[in-house]
Amino acid sequence: MQQHLEQQERESPATERYQHGSYPDVRGRFGPYGGKFVPESLMPLLSELEAAYREARHDPAFEEELQELLRSFVGRPTPLYYVPRFSQLVAPGVRVYLKREDLAHTGAHKINNALGQGLLAKRMGKRRIIAETGAGQHGVATATVCAMLGLECIIYMGAEDIERQSLNVFRMRLLGAEVRPVDSGSRTLKDAINEAIRDWVTNVETTFYLIGSVVGPHPYPLMVRDFQSIIGREAREQILRLEGRLPDLVVACVGGGSNAMGIFYPFADAPEVRLLGVEAGGQGLATDQHAATLVAGRPGVLHGAFSYLLQNEDGQVLGTHSISAGLDYPGVGPEHSYMKDTGRASYVAADDALALRGLQALSQSEGIIPALEPAHALGYLLEMGARGELVPGSLVIVNLSGRGDKDMATVARELEVKIS
C-alpha cells in the first residue's frame, strides 16, 4: 500500500496549481488525493453509481425536479444576511455577511445533498437507504428526504454522539428512520461510517449509501460537492447584487468539509477571494484532543479515499475530540487536501473555547444562535479581527451551516448552566 501511495505522489505531485473545474480526473483523483480504496465487491457498484449520476445530471427532468424541490421543499435560495453588530465586534469598518444555511429546511446545509442523493437513489431503484451521522443534521436531512420520497431509512450513529445529540435522534425516529447505535472505537462519526460501510458491503444489491460529506470513494466527493455548490453559487450572485463586488474572504468550518466545499467551489476560480477553512482545535493542538486534520495530519487512506488524516507513526487512525459532534472526524474530503497543498485555500484551527465565544457573540449581537460547527468559523474571525488581520473595508462571508438548537444541552453544560 505504501509503495502504491508513493507512486501516486510521483505521478501527480500535489504541488500543481489548483485547476478549478478540472478535478476529479477520470480516476476520481484530485491530484494525488481521492480515488477508490474499497473492497473489490464494491467496485462495480461505484462504477454503476458514477454512470447513474452523470446520466441524471444531464437529464433535464432530473434537474428540473431537483431545482423545484430545492425551492419549494428546502426553501432556497437562503438569504445572504449582513450582520452589522457582529461586524463591529470583529473590527471597525469590516462588513460580515452570513450565508443563512441555518434557515434551510431541517436547519442545516445537509438537506441540499440529501435531497440530491435521495432523488438519485429513487431513480436507480434503490429503496433502502443507509447513512451515518455525527451531529445528527445529516441523519435528520436523510430521514426527512426518505420520508418525503417513501424510502426505508437506517441511520448509523456513534453512541457518544447519540448521547450529546438526543434531540436529533428523536427527530430522526419521529421521521420514521431506524437509528442504530455504534458502540465500537471512539463511539463517534468515524465508527458510524465503519458500520455503514459494513452494511453496504453486505446489502450492496438493494442499498444506497447516502454519504453526507465530501469524503469516501469516488464519485461521492464529486457528487456531494456538486449538490452543495448551490450555496456558493447563490452567495456569489447575492454579494454581487448587494455590494457590487466579490468578497475578500470566505470562511467556513471544516469537518469532513461539505459546507466549506459547497461555498468555496464557486469562488475557486476567483484568486482575489481568500478561502479559509476552520477546523476543530478541541482542547488545543498541543494535546491529542482535537480534530484538526488538515492542520496537524498527513496523507493516508481512510473510508475509501486518499486524503489528509490524523494518524500515528504506524498509520493507525487517531482518536479525536471536538465540542462539536459534526467536526469530530479524523479525515477530510480529498479536494480540501488538494486545495491545501496547492495554496488555493488555507486551513486553521479554533479550539472549543473560541467556538463557544463565537456562538455567544453572534447570539448576543444579532439574535442568531449558530450551531457549534460554524461557531468555530465565527470565533476564528473574531481572533483575526483582534490580531489586526482584517483592514477596514474588508468584505467577509461566513457560511452559517446550521442552527444551534441541537447543541443547547452541550453549550449549557460547558457554561455550567442547568436547564432542566
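Annotations
- For region 319-375: Kirkwood Rh in Å [reciprocal of mean 1/r, alpha carbons]: 13.0 Å
- Annotation: peptides 43-56, 282-295, ranked by per-residue average of other Cβ atoms within 10 Å with the highest first, follow the order 282-295, 43-56.
- Net charge over other residues, Cβ less than 9 angstrom from the Cβ of C253 (K, R count +1; D, E count -1): -2
- Considering only region 209-357, percent of DSSP beta bridges that pair antiparallel, nearest 5: 40 percent
- Solution diffusion estimate, µm²/s, Stokes-Einstein, region 309-420, Kirkwood Rh from C-alpha pairs, 4 °C, viscosity 1.567 mPa s: 82 µm²/s
- Note that region 211-323 presents 31 Å² accessible area per residue, ligands and nucleic acids not counted, probe 1.4 Å.
- Take every pair of alpha-carbon atoms less than 8 Å apart whose residues are at least six positions apart; their mean separation over the length of region 114-214 yields a relative contact order of 35 percent.
- Virtual spin-label span in nm between M148 and A412, 7 Å along Cα→Cβ: 3.1 nm
- Given K190/K406; K99/K340; K36/K110; K99/K190; K126/K190; K99/K126, the pairs whose alpha carbons are separated by over 31 Å: K99/K126
- Förster radius 30 Å - calculated FRET efficiency between L167 and A386, Cβ distance, rounded to 0.05: 0.35
- GNM result for the chain, Cα springs below 10 Å: residue of L175, L310, L240 fluctuating most strongly: L240
- Top of S166, S322, S401 by mean-square fluctuation, Gaussian network on the chain, Cα under 10 Å: S166
- Mean-position separation - Cα centroids, region 246-297 and region 346-381, in angstrom: 13 Å
- Taking P32, P219, P271 in turn, the Gaussian network model of the chain (Cα-Cα springs below 10 Å) assigns the largest fluctuation to P271.
- Annotation: cysteines of the chain without a disulfide-compatible partner (Cβ-Cβ under 4.7 angstrom) are C253.
- Relative contact order (%) - the chain, alpha-carbon pairs under 8 angstrom, separation at least six: 20 percent
- Mean projected area of the Cα convex hull of the chain, taken over all directions, amounts to 19.1 nm².
- Relative contact order (percent, whole number), region 95-166, Cα cutoff 8 Å, 6+ residue spacing: 30 percent
- Neighbours of A325, meaning other residues whose beta-carbon lies under 15 angstrom from its beta-carbon, give a summed charge of -4 when Lys and Arg score +1 and Asp and Glu score -1.
The values are calculated or read from the model by the stated rules, or taken from the named source; none is laboratory data. Note that this is a predicted model, so its numbers are computed, not measured. Cβ: placed from backbone, ideal geometry, glycine included. Neighbour counts: every protein chain shown. We work out accessible area using only protein heavy atoms, side chains counted, and drop any ligands, DNA or RNA first. Shrake-Rupley method; radii C 1.70, N 1.55, O 1.52, S 1.80 Å.
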